[in-house]
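The values are calculated or read from the model by the stated rules, or taken from the named source; none is laboratory data. Small disclaimer: the values here were computed from a predicted structure and weren't measured. Ideal geometry is used to build each Cβ from the backbone, glycine not excepted, and the neighbour counts take in all protein chains shown. Heads up: the accessible areas ignore ligands, DNA and RNA and are worked out on the full protein's heavy atoms, side chains in. Shrake-Rupley method; radii C 1.70, N 1.55, O 1.52, S 1.80 Å.
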Amino acid sequence: MRARFVMSEVWNGLRRNLTMTIAVIITVGVSLALFGVSLLVRAQVDTMKDFWYDKVEVSIFLCNENSETASCSGGKVTDVQKDQIEADLESLKPLVQEIYFESQQEAFDRFLVRYRNSPLIDSVTVDALPESFRVKLSDPTKYDIVASAFEGRPGVEQVNDQRQFLEKFFQLLGGLQAIALVIAIAMLVVTVLLIVNTMRVAAFSRRRETGIMRLVGASNFYIQLPFLLEAAIAAAVGATLATGGLMLVKAFVVDRVLAPAFQFTAVVGWDAVAGIVPVLFLTGIGLACGAAFLTLRKYLRV
């Protein structure tokens, strides 16, 4: 009987304030959709980091005839120096995972492929490009260990870390993610304010019924329960809409636009979407019920 009464009150409340309920559903849906997209962007950035950081290399460029750094004052790197550098790299295992020596001819061939449409090809010769050791680390964040061991030593012109170039790109993506998150939080605040206003209107319109329930001995929780369920149902519907929007973004924007256009990198999978969906429901329902509860504590006093 009590459950039937509570559900009838919930239905009557939603029907009486239909316009406000629809406004709450739409606002919750939009705000949670933006919040979900920001989380999806974060997941995409993390996916790209894992993909690229697993492939980055430390490049140890060796001296050639045209090198002008102090460590190359003795001229082109000798075979003895190369053997010693390789032996020192071997001693750094397991941090050093793979070692590949690139000759000047191999460097030139790679240059021709990378800049095949550039006029620079006509002005670059094999002797202009240095030999190098391409080193893959088991932990790319420990680049400084390799750099401190080889920078400035005879025969080494410079040590480059590809991760430094990727950091700028990921910082840009992080900025876009932060902007999306700020917009989503602003929308969530608007949602909370709308729910507060909706609960105030609902409590005022049903003040007589709640007063009677109070007089016959109903507990505070029993009086508040229909209002809390109304807020939770509206938030759940909004979260469902947000989930649908997030799935559309994944299916059409990520899989059909980004994935074909950026085949050189990994894109976020459906497992990330599955992990975000519960967060949307918990956030939406939690905020709605929290805002409704705090509002009702004041406006349901008889």
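Of the numbered criteria (1) modelled with pLDDT of 80 or more; (2) surrounded by 12 or more Cβ atoms within 10 Å (Cβ to Cβ), the one I223 fails is (1). Please work out if T78 is open to solvent by 40 Å² or more (accessible area, probe 1.4 Å), under 42 Å from the mean Cα position of the chain (by Cα), within 20 Å of P154 (Cβ to Cβ) and not small (G, A, S). Answer is no for this residue.
Would you mind stating whether F204 is modelled with pLDDT under 75, closer than 22 Å to L228 by Cα, open to solvent by 60 Å² or more (accessible area, probe 1.4 Å) and among the aromatic types (F, W, Y)? In short, yes. Among the residues here, Q84 does not qualify as of a type in the set (S, T, N, Q), out of contact with any helix residue (DSSP H, G or I) (no Cβ under 9 Å at 6 or more places or on another chain) and closer than 29 Å to F51 by Cα. Scanning region 52-66 for residues that are open to solvent by less than 20 Å² (accessible area, probe 1.4 Å) and either closer than 22 Å to L92 by Cβ or at pLDDT below 80 (or both) yields V56, V58, S59, I60, L62, C63.
Out of L248, L258, L280, L294, report the one residue that is part of a helix (DSSP H, G or I) and farther than 29 Å from A23 by Cβ.
Selected residue: L258, the only one of L248, L258, L280, L294 that is part of a helix (DSSP H, G or I) and farther than 29 Å from A23 by Cβ.
In region 91-140, how many residues are touching a residue at least 60 places away in the same chain (Cβ under 8 Å) and either charged (D, E, K, R) or open to solvent by 40 Å² or more (accessible area, probe 1.4 Å) (or both)? Of the residues in region 91-140, 5 are touching a residue at least 60 places away in the same chain (Cβ under 8 Å) and either charged (D, E, K, R) or open to solvent by 40 Å² or more (accessible area, probe 1.4 Å) (or both).
When region 37-90 is filtered for residues that are of a type in the set (D, E) and either in contact (Cβ under 8 Å) with a residue 40 or more places away in the chain or not in a helix (DSSP H, G or I) (or both), the ones remaining, listed by number, are D50, D54, E57, E65, E68, E86, D88. The residue that is modelled with the lowest pLDDT, among those in region 143-166 that are exposed (fewer than 13 other Cβ atoms within 10 Å of the Cβ) and out of contact with any helix residue (DSSP H, G or I) (no Cβ under 9 Å at 6 or more places or on another chain), is F165. Taking the criterion of being open to solvent by less than 70 Å² (accessible area, probe 1.4 Å) and of a type in the set (D, E), the only residue of region 253-292 that qualifies is D255.
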